[in-house]
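The values are calculated or read from the model by the stated rules, or taken from the named source; none is laboratory data. Just so it is clear, the model here is predicted, and its values are computed rather than measured. Cβ sites come from the backbone with ideal geometry, for glycine too, and all protein chains shown count toward neighbours. To get the accessible areas, we keep the full protein, side chains included, count just its heavy atoms, and leave off ligands, DNA and RNA. Shrake-Rupley method; radii C 1.70, N 1.55, O 1.52, S 1.80 Å.
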Amino acid sequence: MHGHISEQQGPLRLVYVGRLVQESKRILELIDGLSLVIGEHSEISAYLIGDGPERQAVQQRIDHYNLNDRVQILGNVPSEDIQAKLAQYHVLVLLSDYEGTPGAVMDGMAVGLVPVCLDIPGGVRELVIHEDTGLLVTDRKNAFADAIGRLADDEALRRRLSVNARAHIIKQYSLHIAADRWEKFCLDILKESNERKPLTIPSKLLLPPVRPGLDREDRRKVSLPVRIVRTSAQIIRRTLTRIFL
């Protein structure tokens with residue numbers, strides 16, 4: 001947690017860290033959002049750390065908006081160099097559809113970057129406390145552009161969020177904290193190891209509905225032939241039940 005820390009001064013420099021993929025990360029929409037930001041603030045620049053199958057499409061989107069002098073794809077950075085690299089920037093952006101607890105956000109906050117993330121359920125909300133350890137936005141366009149604009153225009157806000165972001169990681173996610181939590185978890189498991197509990201297998205698994213906005217990536221949709229077979233099987237089962245009971 002010590003060593004490299006963002007100085008949070010000078011023209012605003014944004015960074016994205018992660019795979020260059022459309023699924024989950026919505027990397028192309030990120031470029032769309034950056035075009036709005038950069039169109040309104042001539043001093044802002046952005047950098048993409050990472051690689052992936054959408055790299056060419058990302059570059060084409062950058063070319064489309066004529067952002068080559070303001071948005072750069074840097075490719076992968078070795079893990080041992082990532083903190084020193086991140087400390088060169090001010091704000092870490094992540095506009096994914098869904099995440100667990102994103103390590104990239106944790107790495108950025110650990111060196112004092114201000115996270116600006118799409119407000120999604122899960123670990124992002126544990127890391128980014130709106131207006132305290134970072135900023136959460138409701139969309140990848142105007143809300144995102146407004147948040148970045150605030151940070152560009154208000155250096156005091158940026159510095160406060162930077163200090164809080166780093167302190168939050170040190171307090172909640174540093175090595176000794178994680179080790180203590182794992183130790184407690186293991187001890188709790190050992191305490192319950194001699195207790196035998198019945199295992200109940202439900203006859204039917206009911207999955208929660210798809211979260212709005214993620215239906216495009218829903219892999220649970222059943223094809224028509226499968227639905228027909230399942231419906232037919234249910235009808236036959238009910239009919240046989242009535243006959244024999």
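Sort out which residues of the stretch 59-96 are within 18 Å of the chain's Cα centre (by Cα) and either on the phi > 0 side of the Ramachandran plot or in a helix (DSSP H, G or I) (or both), and write them in order of number.
Listed by number, the residues that qualify are ILE82, LEU86.
For the stretch 85-117, which residues satisfy the criterion of being over 15 Å from LEU14 (Cα atoms) and either without any contact (Cβ under 8 Å) to a residue 12 or more places away in the chain or of a type in the set (A, V, I, L, M) (or both)?
The answer is GLY103, MET106, ALA110.
So, ARG55, is that one under 17 Å from the mean Cα position of the chain (by Cα), over 23 Å from PRO11 (Cβ atoms) and either among the basic types (Lys, Arg) or surrounded by 16 or more Cβ atoms within 10 Å (Cβ to Cβ) (or both) or not?
Values: under 17 Å from the mean Cα position of the chain (by Cα): no; over 23 Å from PRO11 (Cβ atoms): yes; either among the basic types (Lys, Arg) or surrounded by 16 or more Cβ atoms within 10 Å (Cβ to Cβ) (or both): yes.
No; evaluated as a whole, the condition is false for this residue.
Residues are listed down the side, and each one gets a yes or a no for (1) within 19 Å of the chain's Cα centre (by Cα); (2) among the basic types (Lys, Arg):
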residue	(1), (2)
LEU136	yes, no
ALA145	yes, no
ASP154	no, no
ARG166	yes, yes
LYS204	no, yes
LEU207	no, no
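Only one of (1) open to solvent by less than 20 Å² (accessible area, probe 1.4 Å); (2) touching a Phe, Trp or Tyr at 6+ places or on another chain (Cβ under 9 Å) is not met by MET106, so which one is it?
(1)
Condition first: within 23 Å of TYR98 (Cα to Cα), at pLDDT 95 or above, within 16 Å of the chain's Cα centre (by Cα) and not in a helix (DSSP H, G or I). Can you find one or more residues in the stretch 27-41 that meet it?
No, the stretch 27-41 contains no residue that is within 23 Å of TYR98 (Cα to Cα), at pLDDT 95 or above, within 16 Å of the chain's Cα centre (by Cα) and not in a helix (DSSP H, G or I).
Within the stretch 187-245, how many residues turn out to be part of a loop (DSSP other than H, G, I, E, B), modelled with pLDDT under 75 and farther than 30 Å from GLU23 by Cα?
6
Looking only at the stretch 2-25, how many residues end up being in a loop (DSSP other than H, G, I, E, B) and at negative phi?
So in the stretch 2-25, the residues in a loop (DSSP other than H, G, I, E, B) come out as 2-12, 18-25.
Subsequent filtering for residues that are at negative phi retains 2, 4-7, 9, 11-12, 19-23, 25.
Matching residues across the stretch 2-25 total 14.
For the stretch 1-53, what are the residues that are in contact (Cβ under 8 Å) with a residue 40 or more places away in the chain, among the polar types (S, T, N, Q) and either out of contact with any helix residue (DSSP H, G or I) (no Cβ under 9 Å at 6 or more places or on another chain) or over 23 Å from VAL124 (Cα atoms) (or both)?
GLN9
Kindly establish whether ILE27 is crowded, with 18+ Cβ neighbours inside 10 Å and among the aliphatic types (A, V, I, L, M).
yes
Give the residues of the stretch 163-178 that are open to solvent by 50 Å² or more (accessible area, probe 1.4 Å) and modelled with pLDDT under 85, sorted by residue number. Before the answer, list the steps.
Going through the stretch 163-178, the residues open to solvent by 50 Å² or more (accessible area, probe 1.4 Å) turn out to be 163, 167, 170-173, 175-176.
Answer for the stretch 163-178, where residues must be open to solvent by 50 Å² or more (accessible area, probe 1.4 Å) and modelled with pLDDT under 85: LEU175, HIS176.
I need the full set of residues from the stretch 125-162 which are among the hydrophobic types (A, V, I, L, M, F, W, C), surrounded by 14 or more Cβ atoms within 10 Å (Cβ to Cβ) and in a helix (DSSP H, G or I), in order please.
First pass over the stretch 125-162, keeping only residues among the hydrophobic types (A, V, I, L, M, F, W, C): 127-129, 135-137, 143-145, 147-148, 151-152, 156-157, 161.
Still in the running and surrounded by 14 or more Cβ atoms within 10 Å (Cβ to Cβ): 127-129, 135-137, 143-145, 147-148, 151-152, 157, 161.
Scanning the stretch 125-162 gives LEU127, ALA143, PHE144, ALA145, ALA147, ILE148, LEU151, ALA152, LEU157, LEU161.
Return a yes/no flag: does the stretch 70-85 have any residue that is open to solvent by 70 Å² or more (accessible area, probe 1.4 Å), at pLDDT below 95 and within 21 Å of ASP153 (Cβ to Cβ).
No - not one qualifying residue is present in the stretch 70-85.
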